[in-house]
Amino acid sequence: MIEMLESLATVVILVPVMVAVLLGVIYGLGELFNLISNAGKKQEKPAPAAAAQAKPATEARVKPAAANAEA
């Protein structure tokens, strides 16, 4: 009976430890592969703030009076 309790205690301790180790290995490999995949890429400069904004005013401009007269 005491052997079974010792085995149960061992399992209760080792299972969470092994799960944590495996999760750490998976996370570490993911970080490593992210570093490798980003190594060959060029660093892009961020776009200027003025160029990043949409320009709805240019699309909604009113045509000059001469262009409206032809239509």
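Here, each number is a calculation from the coordinates, and none is a lab measurement. As the structure is a prediction and not an experimental result, all values here were calculated from the model. Note that we place each Cβ from the backbone using ideal geometry, even for glycine, and neighbour counts take in every protein chain shown.
Figures for the structure shown
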{"read-out": "Where labels lie 7 Å past Cα in the beta-carbon direction, separation of VAL12 and ALA49 in nm", "value": "5.9"}
{"read-out": "Net lengthening on full extension, VAL19/GLU31 (0.36 nm per residue, minus Cα-Cα)", "value": "2.5 nm"}
